[in-house]
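Trainee: Dropping the structure in here first, questions after.
The values are calculated or read from the model by the stated rules, or taken from the named source; none is laboratory data. Note that the structure is a prediction, hence the values are computed from the model and not measured. So basically every Cβ, Gly included, is an ideal-geometry build from the backbone, and we count neighbours across all protein chains shown.
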Amino acid sequence: MTKQYKAAALISGGLDSMLAARAMQEQGIYVEGLNFFTGFCVEGHTHAIRKKDQAKPKRNNALWVAEQLGMKLHFVDVVEEYKEVLFNPKHGYGANLNPCLDCKIFMVEKALEWIKEHDFDFIITGEVIGQRPKSQRKETMPVIARESGAEGLLLRPLCGKNLPATTPETEGWIDRAGLFDFSGRTRKPQMALAKQYGFEEYAQPAGGCCFLTDAPYAVKLADLWKSRGEKAYELDDIMLLKVGRHLRPKPEFKIIISREEGEGKFLQGYKKQYISLKTTSHAGPLALLDGRVTPEDLAFAARIVARYSQGRNADQVELEIREKDGTTQTISVAPMAVHEIRKEWLL
Amino acid sequence: MSNSEDTIVVDARRLLCPMPVIRVQNAVKKLMPGARVEAICTDPGALSDIPVWARINGHKIIATVSRDDEHIITLEVGEESPL
Ligand code: SF4
């Protein structure tokens, strides 16, 4: 009986990894998908927070791809381990705070651990030479294979013909002739292959698979690190960076103000971890205070929050301030005038 | 077969997808076929993500109940599917 070879595919939910996995299935390889959760993934999250977005539920594309391909998908929680990758990327950051090359090396390294543990034979990714300016170049392909430790066990079916033969090819587990030679930023070959495989629908690549490529998000993350005096975060911190309006009127604290009902509801869940403010005399947002505040700061923050309430033009607005332990106090303040809110406070 | 003693409750309230799925996946890993996992979620995305994850990994959704802003999804652990 011939051996059934098994591959673990890194599945992001985009078209490239979908095609790479399918190309291996075409060669009779048994494929299971791996999806790494760093906490910064674009999948999910904000659509679940904002009320208007909840009306159009968004699917998780990695799961959807797995179902289309009839394969299992395993989520791998790497939130803690990923911190080291993000704090000290050996190969540096991309345009924002995205450590793409180190991130890829890390994920392949984790995939290598996974295949060893689960008795799989090799790893596949949807990488294409030249697709991404920093992390998917001809020079970076061997770097990922080498530094992850995967070496010849890492196969990129979509551009494999342009790369040296890997173990699955030299050992005859797969046929090199069935690999592709895609390169560059064009998406045409991928679209043609999708058509050939009968994929009528697939997720459109949106520039990056995580929030670290997003400039406004990176600004908020850099601010968080600066305010704490070190590169550090917990999962809640990075979730909150995706929600609300963030203002830092003083180095010691930041105000997170909900922009709509869904965000307000989401922020409610953090009332035990942060001091919260809510207007009571007028309809208004829920706000959280992150940092150290004096009683004067509280009144100052209350004036800012009042500015974003329906009472913005009133003489006085009443707010309830809730401490983390649940104790409350009511405060009445004059809403801050629009010209008093400095542009540099907005993150 | 299963009974209530075999039901593990996963509190995934306030967690955003895919975290509820990850919590369910981690609970399932420790269970025998036939055992049940009851996931309590607030992210409506879990209503589609958990069933899809269950389907592709060979598990069965037994019930889905939505009350106010909470969704309770009950899953039965399937047999390990052969290659
Ligand atoms: S976009 Fe984000 S997840 Fe994708 S490789 Fe870069 S850092 Fe990693």
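Trainee: Conditions first: (1) surrounded by 17 or more Cβ atoms within 10 Å (Cβ to Cβ); (2) within 13 Å of chain A (Cβ to nearest Cβ); (3) within 12 Å of the chain's Cα centre (by Cα). B:GLU38 passes all but one, so which condition is the exception?
Mentor: (2)
Trainee: In region A:167-188, how many are assigned to a helix (DSSP H, G or I) and at pLDDT below 95?
Mentor: Restricting attention to region A:167-188, the residues satisfying the condition of being assigned to a helix (DSSP H, G or I) are A:167-170, A:176-178, A:188.
Retained after the next criterion (residues that are at pLDDT below 95): A:188.
Qualifying residue count, region A:167-188: 1.
Trainee: What residue, of A:GLU320, A:GLU344, A:GLU263, is part of a helix (DSSP H, G or I), of a type in the set (Asp, Glu) and touching a residue at least 40 places away in the same chain (Cβ under 8 Å)? Give the derivation first.
Mentor: Details: A:GLU320 fails: part of a helix (DSSP H, G or I); A:GLU344 fails: touching a residue at least 40 places away in the same chain (Cβ under 8 Å).
The match here is A:GLU263.
Trainee: What's the total number of residues in region A:101-125 that are touching a strand residue (DSSP E or B) at 6+ places or on another chain (Cβ under 7 Å) and within 14 Å of the ligand (Cβ to nearest atom)?
Mentor: Start the filter on region A:101-125 by keeping residues that are touching a strand residue (DSSP E or B) at 6+ places or on another chain (Cβ under 7 Å), which leaves A:107-108, A:110-112, A:114-115, A:120-125.
Now narrow it down to the ones that are within 14 Å of the ligand (Cβ to nearest atom): A:107-108, A:110-111, A:125.
Looking only at that region, the number is 5.
Trainee: Also: Quick test for you: out of A:ARG146, A:ARG137, pick the one residue that is within 16 Å of the ligand (Cβ to nearest atom) and not small (Gly, Ala, Ser).
Mentor: Working: A:ARG146 fails: within 16 Å of the ligand (Cβ to nearest atom).
The match here is A:ARG137.
Trainee: Considering only region A:204-221, how many residues are away from the ligand (no atom under 14 Å from the Cβ) and over 21 Å from A:LYS134 (Cα atoms)? Spell out the reasoning first.
Mentor: We begin by selecting, within region A:204-221, every residue away from the ligand (no atom under 14 Å from the Cβ); these are A:204, A:216, A:219-220.
From what is left, the residues that are over 21 Å from A:LYS134 (Cα atoms) are A:220.
Within region A:204-221, residues that are away from the ligand (no atom under 14 Å from the Cβ) and over 21 Å from A:LYS134 (Cα atoms) number 1.
Trainee: Would you pick out the residues in region B:12-35 that are within 10 Å of another protein chain (Cβ to nearest Cβ), assigned to a loop (DSSP other than H, G, I, E, B) and crowded, with 18+ Cβ neighbours inside 10 Å? It would help to see each step written out before you state the result.
Mentor: First pass over region B:12-35, keeping only residues within 10 Å of another protein chain (Cβ to nearest Cβ): B:13-26, B:29.
Filter once more, so that each one left must be assigned to a loop (DSSP other than H, G, I, E, B): B:13-18.
B:LEU15, B:LEU16, B:CYS17, B:PRO18 - these are the residues of region B:12-35 that are within 10 Å of another protein chain (Cβ to nearest Cβ), assigned to a loop (DSSP other than H, G, I, E, B) and crowded, with 18+ Cβ neighbours inside 10 Å.
Trainee: Another question, then. Any idea which of A:ILE238, A:ILE255 is in a strand (DSSP E or B) and either aliphatic (A, V, I, L, M) or within 14 Å of chain B (Cβ to nearest Cβ) (or both)?
Mentor: That would be A:ILE255, the only listed residue that is in a strand (DSSP E or B) and either aliphatic (A, V, I, L, M) or within 14 Å of chain B (Cβ to nearest Cβ) (or both).
Trainee: Taking the stated definitions as given, is A:PRO189 assigned by TED's automatic domain parsing to the domain that holds A:VAL78 and not basic (Lys, Arg)?
Mentor: Details: assigned by TED's automatic domain parsing to the domain that holds A:VAL78: yes; not basic (Lys, Arg): yes.
Yes, satisfied.
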